[in-house]
Amino acid sequence: MTNGIPEMIDLAFDLEGGTLPADYPFALWSEIVRHAPQLAKEKFAGVLPLRTAESNEGLLLAKRAKLVLRIPTTLAEYAAACLPGKQLNLAKQLHVAASIKQPGEGALLLGEGKLHKIHPFPTIHAQLVTGASDELIFTDCINSKLSEMGIAGKLICGKRRTLTGDQQTIHGFSLVIHDLKPEASLQLQYAGLGEERHFGCGVFVPHKVISGL
């Protein structure tokens, strides 16, 4: 454990599914902890955003997409035992079952999980980091947080992003951090930035594998 941050690892599951609602991250986390409740108590646990493509009917799960959990190494064996073979019923969680036209839509079936060690890369990326609505204020806040963590790196702030569910709305920006030293890269990938890690926010991956996980 470094600066109170546990050593983390990625647990990637094979995934079967079809069309998902745009606000799937909320239901996804609910279903994950329904099958593996110990994960709900871990504040550093996160879920990497799924690989999807937009369509008129919602989000289409990409071929060979994976469900990737970023969790403390101490919980890896537990999660790997609890989740394989489970069906995650996102439509039921989101109360949209009536709009599902095909069997299996709005649901994900998990295959076997494989552990992947997190490696340091000088450039890392997060799809959405929560924070202020103004880009300049957001960037200043991120720089201040990095300074508190003792991390030196350069920022590239991307598009403003919003994730809306029935009970909450999450705002932030996509973010690239580059020119990182190996220790700093690992620290950021372990800890993340901002809030709502459970919904895929603030979870960093190496820039070269943004579309590969």
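Of note:
- Residue match in region 71-87 (condition: surrounded by fewer than 13 Cβ atoms within 10 Å (Cβ to Cβ) and at pLDDT below 95): no
- Within region 119-139, one or more residues are free of Cβ contacts under 8 Å to residues at least 24 places away in the same chain and touching a strand residue (DSSP E or B) at 6+ places or on another chain (Cβ under 6 Å).
- Residues satisfying the stated conditions in region 1-20, i.e. buried (at least 16 other Cβ atoms within 10 Å of the Cβ) and in contact with a helix residue (DSSP H, G or I) (Cβ under 6 Å, 6 or more places away or on another chain): I5, M8, I9, L11
- Scope region 155-166; condition in contact (Cβ under 8 Å) with a residue 12 or more places away in the chain and of a type outside the set (G, A, S); matching residues: L155, I156, C157, K159, R160, R161, L163, T164, D166
- In region 46-57, the residues that are surrounded by fewer than 19 Cβ atoms within 10 Å (Cβ to Cβ) and not in a loop (DSSP other than H, G, I, E, B): T52, A53, E54, S55
- Of the residues screened, G194 is one that is among the small types (G, A, S), part of a loop (DSSP other than H, G, I, E, B) and closer than 22 Å to D10 by Cβ.
- Residue within region 159-180 that is out of contact with any Gly (no Cβ under 7 Å at 6 or more places or on another chain) and part of a helix (DSSP H, G or I) present: no
- The set of residues from region 133-142 being exposed (fewer than 13 other Cβ atoms within 10 Å of the Cβ) and not hydrophobic (A, V, I, L, M, F, W, C) comprises S133, D134.
- Taken over region 11-35, the criterion of being at pLDDT 95 or above, more than 14 Å from L108 (Cβ to Cβ) and not in a helix (DSSP H, G or I) is satisfied by L11 alone.
- Near pairs, Cβ below 6 angstrom, 6+ apart or cross-chain, from region 5-33 (more than 17 Å from V68 (Cβ to Cβ)) to any residue that is of a type in the set (S, T, Y) and crowded, with 18+ Cβ neighbours inside 10 Å: I5/Y190
- Condition met for L128 (buried (at least 21 other Cβ atoms within 10 Å of the Cβ), assigned to a loop (DSSP other than H, G, I, E, B), at pLDDT 95 or above and among the aliphatic types (A, V, I, L, M)): no
- Sole exception among (1) farther than 23 Å from H119 by Cβ; (2) among the acidic types (D, E); (3) more than 14 Å from the chain's Cα centre (by Cα) for E196, by number: (3)
The values are calculated or read from the model by the stated rules, or taken from the named source; none is laboratory data. Because the structure is a prediction, the values reported are computed rather than measured. Heads up, the Cβs are rebuilt from the backbone with ideal geometry, glycines too, and the neighbour counts pull from every protein chain shown.
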